[in-house]
Amino acid sequence: MRTRALPFLKGKKLKNLRYFGPQSSHRRRPKSAKKLWFFYSKRSFLFYCLLLAPSIALAQPDPNPALVTQGKYLAQAGDCTACHTSLGGQSFAGGLAISSPIGTIYSSNITPDKTTGIGTWSYDDFARLMRSGKTKQGYIVYPAMPYPSYSRITDPDMHALYAYFMLGVQPVEQSDRRPSIPWPLSMRWPLHFWRWFFAPGAQPFTAPAGQDAQISRGAYLVEGLGHCGACHTPRDLTLQEESLTGDHASYLSGGGLIDGWVPVDLRSDDTTGLGRWNTQDIVYFLKTGSNDKAAAFGAMGPVVHNSTQYLTDSDLAAIAAYLKSLPGSSSDTFTYDNTETTALDSGDESKQGAAVYLASCDVCHSANGEGYREAFPALAGNPVVVADNPSSVINIILDGARRPVTQTSPSALVMPTLAWKLNDQQIADVATFIRTSWGNHAAGVTPDEVAHLRKTYKPVPNRELSP
Amino acid sequence: MNINQKHVDAVIVGSGWTGMIMAKELTEAGLKVLVLERGPARDTYPDGAYPKTMDELAFIQRSRLFQDMSKTTVTIRHGVDDVAVPYRQIGAFKPGTGLGGAGLHWSGQHWRIFPEELQLRSHYEQKYGKSFIPPDMTIADWGVTYDELEPHYTFAEQVFGTAGQAYRVNNQIVGNGDGNVFEANRSAPFPLPAMKNTYSAMIYWKACAENGLHPFSQPSANASTPYTNPYGCQMGPCTFCGFCSGYACFNYSKASPNVNILPALRLSQNFELRTECNVLKINLDNMGKRATGVTYVDKDGNTHFQPADLVIAGTFAYNNAHLLLVSGIGEPYDPKSGKGVVGKNLAYQTMATIQAFFEPGKFTNPFIGAGGNSVTIDDYNGDNFDHGPAGFVGGGPVWCNQAGTKPISGIPVPDGTPKWGSGWKKAVSDSYVNTVSFDIEGSSMAYRQCYLSLDPTYTDSYGQPLLRFTFDWQDNDIKMSRWITNKMIPVAKSMNPKSIKVLVKNFGDHFDTRPYQTTHLAGGTMMGTDPKQSVVNRYLQNWDVSNLFVVGSGVFPQGLGYNPTGTVAALTYWSAKAIRNQYLKNPGPLVSE
């Protein structure tokens, strides 16, 4: 089963990161919740809607094919499929399990099926959901749906998205699965309060006066449809993103753990962010899943595979220009140091972790820590490697990683899993080695940290995602 | 259970280099293409994952990537009056199975043929006289010229990410002239710079040069730098780990259909791959003039009929001959009358080796290596020397190809070493890092008495007759091998070793299936210009069934000194071009009889 965890607090590890209830648990609602559930369930609203059926205006999307095509592009930019298509499932029919601290929720069917999807939704229903999280049936969706970001979508783009989902998507009859969240957390009405507090109203995008047009376009894509902050901005205790726009220092400054991966800082910090990437590096990364500095892994792989590879070069350039406009907050700079390179080249394995590095990492990432261009990413100066939270590095060593397939970069190069080969001490040693070599200056890793993540060990899949 | 499958435009039998090249070309042409592979799906990960791929016992001795001999094999006999028996253990050659075929476990030696070898018979007759060719030698011209193949050699090198130093590009000598002086003119340099040379190869280079020979770094489909090919497929740089031939490369460094073509092919909506589907025969219409599709058995034992407009036979070397014989396509070859074509001209290669042993302290470190990496001389290959006084047809490259010496396959020891015990151990210990070894990879000509046919006795697990090899060493080839070996002994001596050891065949030796020699088999479905003398025309189209194309080294009329893959790939692109530009516009014979 493909799952996605909600982003958590930066640097904080929560237990039950991936909650898998018994398959049937979503069917067994606690008795006491039953009544409340009925009032707020989709089914009850469908019932009310049926009573009022004659007065409901049928959905009337604009049948202009160009608009549908534009809507498809925007749906890709918004990566709607990431959550609304389950592995092996039909496009946009929902059913993807999304684990959260309170239980597993399932994405909804957003195909234009009239009984189980959004086929009876008017444009206003659609736009309201996208901007305020309120469904046609009146309940508030869980904030896994990034409606605070989507509220920035312009009216013309919203019309295009609506046209696409009504006319460009195949209707699929598939009922939504109810979340397997135990009462009382299963009640949805508190979500109204969450929304009142943290997403009080739609925030349509308006470019700051005098802003460069390209940067504005980038801001619109990143802060809006791209909802990059959903992962890359830290969240508060109450799960809302600390900020939604680039004028806050916390925006895109690196998010909390998602499925054991740490979303990196996308601001211009030299060591932990994109400070040493130029705009072309960013464009190439989003187009192909790698560049000569880094390769996509973890949850970013599907983002490139499903979304960013389809963006036009001008939109990618706009995103890059916008990201490069976000100042970093640290004055740390990366300077390459060849101490370890010289030692490894001369067979000196005295530094802790060096022997493990030579035996298991050196063949691809090289003694100089610089990897090999687009094939194998550099470890020296790589923001992922030196992130405060070492989970990504530990997880990649344990689980391996597979590059996403894109139209322009079809090779799904794999780093093999090493969990079977290296024990917790060896992984801690080698993770510490790469975090403290070639000019990297990050904290060491303990065997306990490795042991903790090993419990969720999940080897890289044998075959790539279908193109 | 019998299942009728949905029609496809083209069905391709086999997923090795030829099948994958054809699949890429035909999907690009808009055809709906199905590839049927008898073995399992395979990829760099997990099948070649570091470090588990570096396991000699699993991959070589236990045949991880080779044909499952319990399901099907071949029978072998030396002469037409002998009784053939099954080849029960992988030894002399290594047929592949599984996704990528032998293209996943090859070594990566990527050569272009010499132009005159494509007109071998007419070239020898013209230069040395008709009587120079022994009467039982059935060598032939290929029906295609080097100039016709040249663009396809160039493109294949770009797809494979081949590393090398060109000598002559567009008739201009390039670099410092340190490419292969015998190489034919090229339209483009290699896509990647030549690989670095091992220490052994440097010693060999120096010794060759001192003896007036012309050493060069051989073309290698082991990437010398990271590379992205014209299909967008990526390779990593070779690490000289020494696990190439017989293994799946862990580092995306050795070209394979899996690394260099399949990722791009998977993006095509027109492409479908079915693994563990073993094709039993090509189906024909009532007249026997048109293929209607193929019949295959899946892993659960169900029999399927797969209809298709176009059939491509892309199985391993000799298996195309088997497929045609069991399908009743073409006249089987009869060595007594010399009539018939299918199975004719089975050829191989004729290997010899010279090992130079040095005092401890030389440190040639044979654990470092790469399958496609060598320093080679072509002074005795092709027709690069005067064959008149030598008195034989053929030749071969001589290379120091340090490909990674491994313990189970054997560590070279000097003559006179005990076979076991402390004396043997000491010799292994003294020799392992102190030996320079080089090989004479000689050609193998075609003979009237060397051919393929269906075995009258033995059948495979599907109940079909096994393919029968009738093959033995012939005096001409042994003469060639011994002549070159004698020329090379002074080269070994000029390295000033402690001793040398020469491994070369004697006249009268018989083909031994046990020690590994090469997997470079040729013939059986030979190409040519005369339908009475060949199975396929110059576009690799079957003479009898025009919607059947047969690709692979089986179309070679005789064996080369070089490894075959470069020429196999170029011929496949050449055939694909003819299908795309001529056949699809007007299906039917591309060459009139």
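The values are calculated or read from the model by the stated rules, or taken from the named source; none is laboratory data. The structure displayed is predicted, hence computed values, not measured ones. For neighbour counting, all protein chains shown are included, and Cβ atoms are generated from backbone atoms with ideal geometry for every residue, glycine included.
Only one of B:Q89, B:Q67 is more than 14 Å from chain A (Cβ to nearest Cβ) and surrounded by fewer than 17 Cβ atoms within 10 Å (Cβ to Cβ). Can you tell me which?
Every option except B:Q89 fails the conditions.
State whether the residues of segment A:395-406 include one that is outside any loop (DSSP other than H, G, I, E, B), more than 13 Å from every other protein chain (Cβ to nearest Cβ) and among the basic types (K, R).
no
Conditions first: (1) closer than 18 Å to B:W17 by Cα; (2) in contact with a helix residue (DSSP H, G or I) (Cβ under 7 Å, 6 or more places away or on another chain). B:M526 passes all but one, so which condition is the exception?
All conditions are met except number (1).
Scan segment A:348-364 for residues that are within 11 Å of chain B (Cβ to nearest Cβ) and in contact (Cβ under 8 Å) with a residue 40 or more places away in the chain and jot them down.
Our first condition is that a residue be within 11 Å of chain B (Cβ to nearest Cβ); within segment A:348-364, this holds for A:359-364.
Answer for segment A:348-364, where residues must be within 11 Å of chain B (Cβ to nearest Cβ) and in contact (Cβ under 8 Å) with a residue 40 or more places away in the chain: A:S360, A:C361, A:C364.
Any residue at all in segment B:393-406 that's at negative phi, within 29 Å of the chain's Cα centre (by Cα) and loosely packed, with under 13 Cβ neighbours inside 10 Å?
no
B:A569 versus (1) in contact (Cβ under 8 Å) with a residue 60 or more places away in the chain; (2) surrounded by fewer than 23 Cβ atoms within 10 Å (Cβ to Cβ); (3) assigned to a helix (DSSP H, G or I): which is the lone unmet condition?
Of the numbered conditions (1) in contact (Cβ under 8 Å) with a residue 60 or more places away in the chain; (2) surrounded by fewer than 23 Cβ atoms within 10 Å (Cβ to Cβ); (3) assigned to a helix (DSSP H, G or I), the odd one out for B:A569 is (2).
Which of the residues belonging to segment B:230-283 are closer than 25 Å to A:G371 by Cβ, of a type in the set (V, I, T) and surrounded by fewer than 24 Cβ atoms within 10 Å (Cβ to Cβ)?
B:T239
Could you tell me which residue of segment B:29-48 is farthest from B:S253 (Cα to Cα), considering only residues that are surrounded by fewer than 19 Cβ atoms within 10 Å (Cβ to Cβ) and within 14 Å of chain A (Cβ to nearest Cβ)?
Among residues in segment B:29-48 that are surrounded by fewer than 19 Cβ atoms within 10 Å (Cβ to Cβ) and within 14 Å of chain A (Cβ to nearest Cβ), the one farthest from B:S253 (Cα to Cα) is B:P40.
Quick one: how many residues across segment B:204-241 are within 14 Å of chain A (Cβ to nearest Cβ) and in a loop (DSSP other than H, G, I, E, B)?
The number of residues fulfilling the criteria is 14.
Is there any pair linking a residue in segment B:167-189 that is at positive phi to one that is surrounded by 15 or more Cβ atoms within 10 Å (Cβ to Cβ) and of a type in the set (G, A, S), with Cβ under 8 Å and at least six apart or on different chains, and which?
The qualifying pairs are B:G175/B:A166.
Just give me the residues in segment A:315-341 being under 27 Å from A:K287 (Cβ atoms), touching a residue at least 40 places away in the same chain (Cβ under 8 Å) and part of a helix (DSSP H, G or I), in sequence order.
Hits for segment A:315-341 are A:D315, A:A317, A:A318, A:I319, A:A320, A:A321, A:Y322, A:L323, A:K324.
Considering every residue within segment B:496-505, establish whether at least one is of a type in the set (S, T, N, Q), buried (at least 24 other Cβ atoms within 10 Å of the Cβ) and modelled with pLDDT of 95 or more.
No; the residues of segment B:496-505 include none that is of a type in the set (S, T, N, Q), buried (at least 24 other Cβ atoms within 10 Å of the Cβ) and modelled with pLDDT of 95 or more.
So how many residues does segment A:412-441 have that are buried (at least 20 other Cβ atoms within 10 Å of the Cβ), among the basic types (K, R) and within 14 Å of chain B (Cβ to nearest Cβ)?
The total comes to 0.
Take the conditions more than 23 Å from B:G161 (Cβ to Cβ) and buried (at least 17 other Cβ atoms within 10 Å of the Cβ) and apply them to B:I76. Does it pass?
Yes, satisfied.
Condition test on A:G369, is it away from chain B (no Cβ under 14 Å), crowded, with 24+ Cβ neighbours inside 10 Å, more than 26 Å from the chain's Cα centre (by Cα) and within 24 Å of B:A223 (Cβ to Cβ)?
yes
Mind checking which residues of segment B:247-292 are outside any loop (DSSP other than H, G, I, E, B), away from chain A (no Cβ under 14 Å) and either aliphatic (A, V, I, L, M) or out of contact with any Leu (no Cβ under 9 Å at 6 or more places or on another chain) (or both)?
Once the filter is applied, which keeps residues that are outside any loop (DSSP other than H, G, I, E, B), away from chain A (no Cβ under 14 Å) and either aliphatic (A, V, I, L, M) or out of contact with any Leu (no Cβ under 9 Å at 6 or more places or on another chain) (or both), segment B:247-292 yields B:V279, B:L280, B:I282, B:N283, B:L284, B:A291.
Which condition does B:K52 not pass, out of (1) within 14 Å of chain A (Cβ to nearest Cβ); (2) crowded, with 21+ Cβ neighbours inside 10 Å, if it passes all the others?
Condition (2) is where B:K52 drops out.
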